[in-house]
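Report on the following structure.
No value in this document is a laboratory result; all are computed from the given coordinates. Owing to the predicted nature of the structure, the values given are computational and were not obtained by experimental measurement. Cβ sites come from the backbone with ideal geometry, for glycine too, and all protein chains shown count toward neighbours.
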Amino acid sequence: MTLWNVTAPTVRTVGDEEVRGTQTWVVQARRSSEAVRQVIARAAGEDAVRHRRAAVIDSTALTAAPWRSAQGLLGPTVPCPLSARSGHDGPDQGADTSPSAPFQPGTGTTAA
């Protein structure tokens, strides 16, 4: 299975202003289309909605790309952020931005 970085554009209204951003998930799937389907199913979840501060997702504009670590494509020596040995037992609905994450904090999600 491949690890996919799936990004969804978001928009919410603050006062009279539209604020745009993105919400990103890292999911495992055989193909990008499967990864996108997983994200569409998860995007309506309470945790995902709270994470993006109730911003609306444009589900027609999701993008999926193979997940890359700072060393390139995820290799067998780099712990998968979704694996048990990564130390993260929670659901994989959002990007892991903890200090032990294999990417820089703040690069996984932009709050909208």
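With both labels modelled 7 Å from their Cα along Cα-to-Cβ, the E18 to D47 distance reads 3.0 nm.
Under the convention that each Lys and Arg Cβ holds +1 and each Asp and Glu Cβ holds -1, the size of the dipole of segment 2-67 around its Cα centre is about 280 debye.
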